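Comments concern the structure below.
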Amino acid sequence: MKFRELKRSLASGVEKIYLVVGEDAFFISHSVKLICDKCLSQPELNLTNFDGQDVKGNPDKLISALVSYPFMSEKRVVVVKEYYPLAADLKALSDYFSNPCETTVLIICDSMPADNLAKQKNVTVVDCDRGDKLLLTAWITNKVRSENCTITSLAIEKLIDYCDGDMTRINGETEKLTSYRLGGEITDSDVDELCVKETDYKLYEVVDFIASKRYDKAYETFTEMAESAGDGQKLFVSLYYHFRKLLFVSLSRESDAALAGYLGIKEYAVKKSREQARRFSPKRLKFVMDKLSEEDSLFKQGKIEANSAIWNGILNVLIE
């Protein structure tokens, strides 16, 4: 099931084994909280946490916790984080997966895919990959409403963009905005003023200024990025991959969903890249990539420094 379906599922009952998996740490943490809140009235007595490395290769330690009885409660919960068991572990645990303890809820939290666990008996998978725009919009709206505030649609869109769809950051920035407005309306100006932009969004903004021939704004924004980054090489790599992504989507006829899978990014990011790529010809994007590759080669040969490479790269982008 998707993360958004978990709350409704818990209303019908709690499963015995959950595999909570995905790249969004906020959704994983919130899933564990939802399950624990449903099961436990006294978590200090009936909640056991393990790091996956503590029980990897030692299944008896995990089984011992799983078959222990709850104390003054109907259920106990065992949480194992980043658990990628060995084949021998799964063999030892196979009986438990086939016949899990009625009074224990096992929650395994993994940031990376764990297909060998997902295939086990009685395992309910909760997909906690990054949320799509619809889910993020609904979450922000509900969060703001719970703080007796309102928020404009443009403010929501900017907030998602600035945070690159990362729920941990969205949650923190939303709390900041609601504290600032104290029951009022949150606007896109508030987001501009208070929220920290991710590097990817700032690059998107720089390239948008270039496409609009607003070179002064592009230079100003990129100067701020370079000064705050402190790592010219990392910023250069971000610039390189941004234009590589634009070139790729400009040439591809695949769907947004397919491209998102190939590139390892969100479908919403593909959509935004397509919008920006249309403002350049494929020939222009190829020229920029060639120039950036030249600067990268010079840097790797030790002929120029990272900061020189990045400024040479951005100036080649600015000058048509």
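The values are calculated or read from the model by the stated rules, or taken from the named source; none is laboratory data. Note that the structure is predicted; figures quoted are calculated from it, not measured. Note: ideal-geometry Cβ built from the backbone for every residue, glycine included; neighbour counts use all protein chains shown. Surface accessibility is based on the protein's heavy atoms, side chains included, excluding ligands, DNA and RNA. Shrake-Rupley method; radii C 1.70, N 1.55, O 1.52, S 1.80 Å.
Listed by position, the helices (runs of 4 or more DSSP H) inside segment 235-320 whose residues that are of a type outside the set (Lys, Arg), closer than 25 Å to Gly22 by Cβ and modelled with pLDDT of 85 or more number at least 1 are 267-277.
So, in segment 98-110, of the ones that are among the polar types (S, T, N, Q) and not in a helix (DSSP H, G or I), which residue ends up surrounded by the fewest Cβ atoms within 10 Å (Cβ to Cβ)? Going through the qualifying residues, I end up with Asn99. Can you say whether Glu74 is part of a loop (DSSP other than H, G, I, E, B) and in contact (Cβ under 8 Å) with a residue 60 or more places away in the chain, as far as the supplied structure shows? For Glu74, the condition - part of a loop (DSSP other than H, G, I, E, B) and in contact (Cβ under 8 Å) with a residue 60 or more places away in the chain - is not met.
Return the residue satisfying two criteria in turn: it lies in segment 111-151 and is within 30 Å of Ala92 (Cα to Cα), of a type in the set (S, T, N, Q) and outside any loop (DSSP other than H, G, I, E, B), and of such residues it is modelled with the lowest pLDDT. In this case the residue turns out to be Asn116. For segment 293-309, a residue qualifies if it is more than 16 Å from Tyr241 (Cα to Cα), out of contact with any Phe, Trp or Tyr (no Cβ under 8 Å at 6 or more places or on another chain), surrounded by 13 or more Cβ atoms within 10 Å (Cβ to Cβ) and not polar (S, T, N, Q), and the qualifying residues are Leu298, Ile304.
Considering each residue of segment 260-292, count those that are among the polar types (S, T, N, Q) and either open to solvent by less than 50 Å² (accessible area, probe 1.4 Å) or under 15 Å from the mean Cα position of the chain (by Cα) (or both), and give that number. Summing the residues that are among the polar types (S, T, N, Q) and either open to solvent by less than 50 Å² (accessible area, probe 1.4 Å) or under 15 Å from the mean Cα position of the chain (by Cα) (or both) in segment 260-292 gives 2. Among the residues of segment 181-208, those identified as within 18 Å of Cys149 (Cα to Cα) and either among the charged types (D, E, K, R) or open to solvent by 30 Å² or more (accessible area, probe 1.4 Å) (or both) are Arg181, Leu182, Gly183, Glu185, Thr187, Asp188, Ser189, Asp190, Asp192, Glu193, Leu194. Would a scan of segment 93-112 turn up a residue that is within 30 Å of Arg76 (Cβ to Cβ), among the aliphatic types (A, V, I, L, M) and free of Cβ contacts under 8 Å to residues at least 40 places away in the same chain? There is at least one residue in segment 93-112 that is within 30 Å of Arg76 (Cβ to Cβ), among the aliphatic types (A, V, I, L, M) and free of Cβ contacts under 8 Å to residues at least 40 places away in the same chain. Number of residues in segment 1-41 that are open to solvent by 40 Å² or more (accessible area, probe 1.4 Å) and within 15 Å of Thr104 (Cβ to Cβ): the value is 4. For the criterion of being more than 24 Å from the chain's Cα centre (by Cα), of a type outside the set (Phe, Trp, Tyr) and under 30 Å from Pro43 (Cα atoms), Ser94 passes. Here Lys33 clears all of (1) at pLDDT 90 or above; (2) within 17 Å of Val77 (Cα to Cα); (3) touching a strand residue (DSSP E or B) at 6+ places or on another chain (Cβ under 8 Å) except the condition numbered (3).
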